[in-house]
Every structure is written in structure tokens, then in C-alpha cells.
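The values are calculated or read from the model by the stated rules, or taken from the named source; none is laboratory data. Keep in mind it's a predicted model, so treat the numbers as computed, not measured. Here Cβ is always computed from backbone atoms with ideal geometry, including for glycine, and neighbour counts include all displayed protein chains.
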Amino acid sequence: MKLGRRRRSWVMVTGVAVASLAMTACSAGSLGSSSGGSGTTITFLVDNGDATVAQSTALVKDFNAKNDDVTVKLETRPGGADGDNLIKTRLSTQSMDDVFSYNSGSLFQQIDPKTNLTPLTDESFMKNVDDSFKPQVSVGDEVYGVPQGTAFGGGVLYNKKIYDQLGLSVPKTWDEFIANSEKIKAAGIAPVIQTYQDTWTSQLLVLGDFHNVAAANPNFADDYTKNQAHYADTPAALAGFQHLQQVHDEGLENSDFASLTNAQGLQMLADGKGAQYPMLSAVIGGLQATSPDAIGDIGFFALPATTRRPTA
């Protein structure tokens, strides 16, 4: 029995973990399409986070309004591990949507782009894509993805009202962060919000610390890729894991950290029940949708380094 040609898809790529930022957990489903052409119909699969759906709905609406020969239908999927498994299953069974949104970097390589995706290297629009982005979505000489959405960073969302009430300043070192956290705990507020029900959120104290790793060891990423450097024997890289352990050992996380979701953690921050949330800045869209009145109370700072670096 001979199988037909494997179906290939285009991918619109976001950054680390963004494809996992679902505020709810429903099965993949169609949101329909706006008025569009009567010719070819293609499907566009995105995660079901509020901000993602709003942005993608607007994109599809504008595209369909301007194109008579192609109609795009928007479909959604769960976030987190469920969404990741759905994507891999659809790719392996040749049932993936025509275009889908996914992560760049190491997760992108796991979906075997060379086998499953259509190369975009020679498309005219690739001249508008920054060259620094292309290696994250390339295999060999071929580019398989384009960027989508806005830039974001990993750091700490914090409740500015709590900081003001307790006379705290944004920490510049890890010790200052711990000192702030101890004062917050003494005030009866959860110092460091953790939300392990959404497993991807457990990475932020490590991933968000990479700017400190790169500052201390500029070649770490390249050397790590070549297996010439490792977390275990690179103090600046190991620090993120040590910080994660310290927060747990000193009881600085919320008591329900193992069962709380990302959406609940954001609500906890907005309600002032927790003060600091190591997180991606991209989730602010979800917070704006659920707690718009609290947006002005939420700040964001970079994860502080183990020691203060000298300023230029």
C-alpha cells in the first residue's frame, strides 16, 4: 500500500511558550470566517488564549476582506501540553491545518519542519523578516516560519500597590528580590506566584534569567548547542534552577502552586493576593481582558542577577 504525498503546512511562529498561553482548555474548534472569496478555503490554527484569538480574528477578517480568491477559516486549539500533543498528532497523521501558530526555537525543531512544513525561503515576503529571526525557524538552508504578534520578554510581573504599601523598590539583585519576598510574606501576601497546573509556567525563573546568563557568558548559547557548555557546570546558568529551588525551600510561593493555573495566577496578582509573578510580558493581554481596572497596578521588571552588574 502506497501513501500519498505528505500534507505540508505553513507556520506562523511566536516566541517561547506563547503558543501555550491558553486562558481556557477546550478542544480544537472552528470560529468560522468573515466574508471572503468563493475560491480556495484554507484553515488557520491558533491557541485559544483571549489575546491570540482577538488578534487572529482581526487578521483573518482583514485578509478575507481584501482577497476574493482565498477564504481563511480560523480554528482554535488548547494551550499547554494538550495543544502541543494535538499539533504533533495532526502533523503525524497528515491532518494539520494549512497554516498554524507554534513556538520557535527548540520546540519548533521537534515538529520535524523539513518533513512537515513548506519552505518559505524563496517567498518574496521573506525580505521583510529580520535576519536575526530566521535561524530560529530554519533547518539547513531552508526557512520554515514567519514571525507573528508582538515582541515579549520573560521577567516578573508585580503588584505596584503592594510594593508601595510595603515601601519596596524594584530589586537589582537576587538577594534583594528574596528580601522583598520575605517582607511580602510577613505581610500575609503570597510573595512569588507559581502556577504549575499549566506546566510551561514553571520555566520562567530559569528561562527569564537568560539575559543574566548571556551577560556573564556571552557564548553560552552557541557552546551549549555544541555540547561544549552545560547548565550543571556553568554557575550563571545553574543559578536559575537554584533560585527556583530556593523559592520553594523558603516557602515563598503560594500554597496552591501545584494546582493553580496561569489565568488564576494572573487574577491572584490583580487582586493583590500575590505580589510577584515570574512570567512572560505577553500575558498582559489576558489580564487586560479579565481585570482591565487593575492594569495600571501591574508593573514588570527583569529577573535580577545574582550579583549587581556595573553600569556603563
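Quick look at the numbers
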item	result
Test result for Phe300, modelled with pLDDT of 90 or more, in a loop (DSSP other than H, G, I, E, B) and aromatic (Phe, Trp, Tyr)	no
Condition check for Val146: surrounded by fewer than 21 Cβ atoms within 10 Å (Cβ to Cβ) and among the aliphatic types (A, V, I, L, M)	yes
Matching residues in the range 279-296 - criterion: being at pLDDT 85 or above, closer than 20 Å to Gln194 by Cα, assigned to a helix (DSSP H, G or I) and not aliphatic (A, V, I, L, M)	Ser281, Thr290
Candidate set from the range 226-273 (those that are within 20 Å of Ile189 (Cβ to Cβ) and of a type in the set (Val, Ile, Thr)); member that is surrounded by the most Cβ atoms within 10 Å (Cβ to Cβ)	Val247
Qualifying positions in the range 47-99 - touching a residue at least 40 places away in the same chain (Cβ under 8 Å) and within 17 Å of Val283 (Cβ to Cβ)	Asp47, Gly49, Asp50, Ala51, Thr52, Ala54, Gln55, Ser56, Pro78, Gly79, Gly80, Gly83
Selection count, the range 233-273, where residues are part of a loop (DSSP other than H, G, I, E, B) and not aromatic (Phe, Trp, Tyr)	15
Gly155 closer than 21 Å to Gly208 by Cα, buried (at least 19 other Cβ atoms within 10 Å of the Cβ) and either out of contact with any Ser or Thr (no Cβ under 7 Å at 6 or more places or on another chain) or modelled with pLDDT of 90 or more (or both)	yes
Residue satisfying all of: in the range 274-294; aliphatic (A, V, I, L, M) and closer than 19 Å to Leu207 by Cβ; surrounded by the most Cβ atoms within 10 Å (Cβ to Cβ) among these	Met279
Number of the exception - Gln228 against (1) under 24 Å from the mean Cα position of the chain (by Cα); (2) more than 25 Å from Phe257 (Cα to Cα); (3) not basic (Lys, Arg)	(1)
First in the range 100-117 and among the charged types (D, E, K, R), second anywhere and assigned to a loop (DSSP other than H, G, I, E, B), Cβ under 9 Å, 6 or more apart	Lys114/Gly140; Lys114/Tyr144
Scope the range 116-128; condition outside any helix (DSSP H, G or I) and surrounded by 15 or more Cβ atoms within 10 Å (Cβ to Cβ); matching residues	Leu117, Thr118, Pro119, Leu120
Criterion violated by Asp223 - all others in (1) surrounded by fewer than 16 Cβ atoms within 10 Å (Cβ to Cβ); (2) of a type outside the set (A, V, I, L, M); (3) in a loop (DSSP other than H, G, I, E, B) satisfied	(3)
Strands (runs of 3 or more DSSP E) contained entirely in the range 130-200, each with at least 1 residues that are of a type in the set (Val, Ile, Thr) and more than 19 Å from Phe300 (Cα to Cα)	145-147
Enumerated helices (runs of 4 or more DSSP H) restricted to the range 37-113, each holding at least 2 residues that are at pLDDT 90 or above and over 23 Å from Tyr196 (Cβ atoms)	50-66, 80-92
Residues satisfying the stated conditions in the range 201-210, i.e. buried (at least 19 other Cβ atoms within 10 Å of the Cβ) and not in a loop (DSSP other than H, G, I, E, B)	Thr201, Leu204, Leu205, Val206
Qualifying positions in the range 96-115 - aliphatic (A, V, I, L, M) and crowded, with 21+ Cβ neighbours inside 10 Å	Met96, Ile111
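To keep it simple, each residue is scored yes or no on (1) of a type outside the set (Phe, Trp, Tyr); (2) without any contact (Cβ under 8 Å) to a residue 24 or more places away in the chain; (3) not assigned by TED's automatic domain parsing to the domain that holds Ser259.
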site	(1), (2), (3)
Asn128	yes, yes, yes
Gly140	yes, no, yes
Thr173	yes, no, no
Glu176	yes, no, no
Lys185	yes, no, no
Phe220	no, yes, no
